[in-house]
Every structure is written in structure tokens, then in C-alpha cells.
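S.K.: Would you mind keeping the following structure in view while I ask a few things?
The values are calculated or read from the model by the stated rules, or taken from the named source; none is laboratory data. On a predicted model such as this, the values are computed, not experimentally measured, just so you know. Cβ: placed from backbone, ideal geometry, glycine included. Neighbour counts: every protein chain shown. What goes into the accessible areas is simple: the full protein's heavy atoms, side chains included, and nothing from ligands, DNA or RNA. Shrake-Rupley method; radii C 1.70, N 1.55, O 1.52, S 1.80 Å.
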Amino acid sequence: MKENQDLLSAVEKYLRGEASPEECALVNQWYHSFDDGQVEVTPEEGLSKEEIFSRMDAKLAALMQPAPTRGKILPLWLKRTAVAAGIAMVLGAGLWSLSGRKNTRLAAGGEATKTSAPVLPGSNKAILLLDDGSAITLNDSTRQTVGAARVQGEALVYDQAGNQEDMKYNTLKTPQGGQFAVVLPDGSKVWLNAASSLKYPVSFNSRHRTVELTGEAYFDITPDKNKPFTVRVNNMEVQVLGTSFNVTAYPEEKNIKTTLITGAVNVNAGNSTKHLLPGQQAVWDDARQFAITNADINAVLAWKNGKFEFAGEEVGVALRQLARWYDLELQFEAGVPDEHLTASFPRNTSLDNIIRMLELSGVHCKLDNRRLTVHHQ
């Protein structure tokens, strides 16, 4: 038990960059001591998860289980060494593993950060662009009324009572490091992830309810058989009557993903139309083709529920999500790593801890102010 506690203490100090040479050597020795099995560090009896959280600033954990490889096909020997490339700490709070990488030795102390001030997680904030071109800054402490709308906590809520004769459009934009929600004039609610925008009419007077999205949003649509709801994303449309679904459509990503949670939707792009059932995801790729799969709903909705959850996600995609939430400039020195990441942690986790866990998993990063440089071997 004492050996496990000594190792736990050494790993915690390693994550904080405070480990002595002897403690770094202990972590390295442990890191290279396991193979394909699970390696577990059990805290001493009586040490609660809350105490571990306060000591590590985030309940980060890892499990030695390689994620499914969906990119480059690796030789068998390289797949086996990829298992030893992640470092595992099972503390009951999270999950980290990396697949598709050769084994790399941990550098004593690491080169995680070089920054004068801590980089904080994102928060509830947005910019509202009005039809007349003016802009209003919103956050969850704002107390104001904008036309037929008012700010209530994390959401801009429109009055559902009256209609306007003139068709006017507003646009709600979240910056990097921001998220916000809007309750539309029909009662439908839309949650916007970081670096996203939603253009919508301030009153639904016609027989159609149409909005335009860039980035990512979760929709909970009020049913109205007489007014179908349509989300336009680039050259794709999602058509619904009343349902909940998530759309991911960042311009820097190669795929547009529509995931149905409840109800039913039709997804139209090009000359193709796909009908989705709850739990299904339609992926429109850069080859202008649809693929329908069963979605990992927990991973899809993790951002809305205050978490990051990567289930064998491409490292580049995962890092771009982190960059949007922490408002970072992301730079890859030698191209985007070809690995896949499995990880789960809260969205309020300190960036320093995330970088250290990436380092321990074999993704080498350096933070200089708000520029995160990724280099791999």
C-alpha cells in the first residue's frame, strides 16, 4: 500500500511539474513497466476522490486500453507498442488513452507550459448582431432587454407572444472560449458551443421556421406540424417537426455531423436525403457522401453537459475542440498526429493539467501565452 501511495504522490508532483529527479525516475520506471494489461494505482485507504480532486486540481484518470484505430493501419508490432504509450491512473474520475503511437520516453518534468498567466476555461458569453448591424455583448451576468428578448442567465429568451410584420434577422455568435443559448420566438431552445453562430428571424411569421448554423449547436425544437423547422448548414439542411438533435459543422472540420437524440429528422445534402432514427448520426464528408452510424450519445452531448469526452477521436479533432474552448491558437509543427484519443474530463479542468496528461499520453505540447504548439516524434 505504501509503495502505491509513494507512486501516486510522485505522479501528482510530476503533473504539477514539482517532481524531484528521484520521483521523475520512479514515474518513468512505472511508465515503462507495464504492457497490454491495466495498471492501477489505488489511493491509500480513507483518501476520498474529493481530496484527490483538490490535490490534482482536476479528477483526471486514465485506463490502459487502446482506442479503435480508424486512421492509418499500423503494423501489429506498432499496435502493441502503442498500448504502452499511454500512462494510466485509475482514480475513478476519468479516462485517458492514446492509440497509434510508438512508445516514447517521458521527459523529466516535461515541457508543458511557458505562460505568464493561467489560461482559463471558457464561460457563458456571446455577441448578438442585430438586423441593423449593431452588436451587443452578452454574458450570464447581463441584465438587459433587447427588443422582444431578454437575457436570463446563460440564455437570450425571446417573447413568444407577439409577431412582427417585417422579417428581421439576428445572429448570435459565440467566440472561442464562449458558449450561450437562445430561446427562439417559437419556444425552441438552441445551445451554441464555442466559435459558433446562429442566424434566425426574430419572429416566425411564415409557414417555415428556418435558421442558419455554423459551428456546433444542440437543438430542442418545439413541435408545430404547420411550420416545419429547418437548420441550414452550408449546402446541407436538417428538417424537423419537433425533436432534439446535435449538429457539428465547423468549417475547419472535414465532416458535418447530425446526431438525432429524440424524434425524427431528414438530412438533405446534394441529391441525397437520409431519415434518422433516435441514436443515429449522419456524417456528410468532404467527398459529398452520407454515412449513417449509431452514435455515442454521451460523447456527442458531452460539451452541452459540461464535459469533454473523446471516444477514439482523432487527436487533431480533439485538440481543435480544446483550442475553441480555451481560446487558443493551435499550431502543429510536423503535421497533425495520426493517433486517436480516448479521454473524459470536465470542461472546467485547468489547461495545465490537460497538457500534462497529453504529455503523459505521448502528445507533446508547449504553451506560450495562448499559442499551443504540438510536436510529435
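S.K.: Each label point is 7 Å from the Cα along the Cα-to-Cβ direction; what then is the distance between the points at Leu241 and Asn255, in nm?
M.R.: Placing both labels 7 Å beyond Cα along the Cβ direction yields 3.0 nm.
S.K.: Something else now. To one decimal place, what Kirkwood hydrodynamic radius in Å is obtained for the range 197-253 from all pairs of distinct Cα atoms? Write out the running numbers ahead of the final one.
M.R.: Working: mean 1/r = 0.0849 Å⁻¹.
Taking every pair of different Cα atoms in the range 197-253, averaging 1/r and inverting gives 11.8 Å.
S.K.: Something else now. Output the Kirkwood hydrodynamic radius of the range 127-263, Cα pairs only, in Å rounded to one decimal.
M.R.: Working: mean 1/r = 0.0663 Å⁻¹.
One decimal place: 15.1 Å for the Kirkwood radius.
S.K.: Skipping prolines and chain starts, which residues have an amide H placed within reach, meaning under 5 Å, of the one on Glu314, given they are 5 or more residues away or on another chain?
M.R.: Here Leu341 satisfy the definition.
S.K.: Moving on. Would you mind pulling out the separation of the Cα centroids of the range 233-289 and the range 193-225, in Å?
M.R.: That distance is 14 Å.
S.K.: Measure off 7 Å from each Cα along the Cα-to-Cβ vector at Leu130 and Lys189, then give the distance between these two points in nanometres to one decimal.
M.R.: Label at Leu130, label at Lys189, 2.7 nm between them.
S.K.: Out of residues 5 or more away from Thr210 or on other chains, whose amide H comes under 5 Å of its own, with H placed 1.01 Å from N in the peptide plane?
M.R.: Thr230
S.K.: Mind checking Rg over Rh on the range 227-341, alpha carbons, Kirkwood formula for Rh? List each step's numbers first, then the result.
M.R.: Working: Rg = 15.0 Å, Rh = 15.2 Å.
Value, to two decimals: 0.98.
S.K.: Using θ = phi - 60° and the Karplus curve 6.51 cos²θ - 1.76 cosθ + 1.60, what whole-Hz ³J(HN,Hα) does each residue of the range 263-274 get, with Gly and Pro shown as x?
M.R.: With coefficients 6.51, -1.76 and 1.60, one gets x, 7, 9, 10, 10, 10, 7, x, 9, 10, 10, 10 Hz.
S.K.: Want the number for Tyr169 to Asn294: 0.36 nm per residue separation, take away the alpha-carbon distance, what's left? Before the final figure, lay out the partial values.
M.R.: On the way: separation 125, 0.36 × 125 = 45.00 nm, distance 3.51 nm.
Once the chain is fully extended between Tyr169 and Asn294, it gains 41.5 nm.
S.K.: Direction-averaged shadow area of the convex hull around the Cα atoms of the range 324-370, nm²?
M.R.: Values: hull surface 14.8 nm².
The Cα convex hull of the range 324-370, projected and averaged over all directions, gives 3.7 nm².
S.K.: A further question follows. Given R₀ = 35 Å, FRET efficiency for Asn266-Asp6 by Cβ-Cβ distance, to 0.05? List each step's numbers first, then the result.
M.R.: On the way: r = 59 Å, r/R0 = 1.68.
Result of the calculation: an efficiency of 0.05.
S.K.: Now for a separate question. Could you put Val231, Val336 in order of accessible surface area, largest first, with the 1.4 Å probe and the full protein assembly present?
M.R.: Details: Val231 0, Val336 75 Å².
Ranked list, largest accessible area first: Val336, Val231.
S.K.: Then there is this: Ranked highest first by the average count of other Cβ atoms within 10 Å around their residues, in what order do 210-216, 140-146 fall?
M.R.: Working: 210-216: 20.6, 140-146: 12.1.
Per-residue mean Cβ counts within 10 Å order the peptides as 210-216, 140-146.
S.K.: Mind checking the full-extension length gain between Ser20 and Asn348? Use 0.36 nm per residue of separation minus the Cα-Cα distance, one decimal, nm.
M.R.: Details: separation 328, 0.36 × 328 = 118.08 nm, distance 2.83 nm.
Here the answer is 115.3 nm.
S.K.: Same structure again: Jot down the per residue volume, in cubic angstrom and as a whole number, of the convex hull over the alpha-carbon atoms of the range 285-359. Walk me through the numbers before you get to the answer.
M.R.: On the way: hull volume 9.3 nm³, N = 75.
So the per-residue hull volume is 124 Å³.
S.K.: So, one more: Enumerate the amide H contacts of Ala295 below 5 Å, restricted to partners 5 or more residues apart or on another chain; note that Pro and chain-start residues carry no placed amide H.
M.R.: Here Gln280, Gln281 satisfy the definition.
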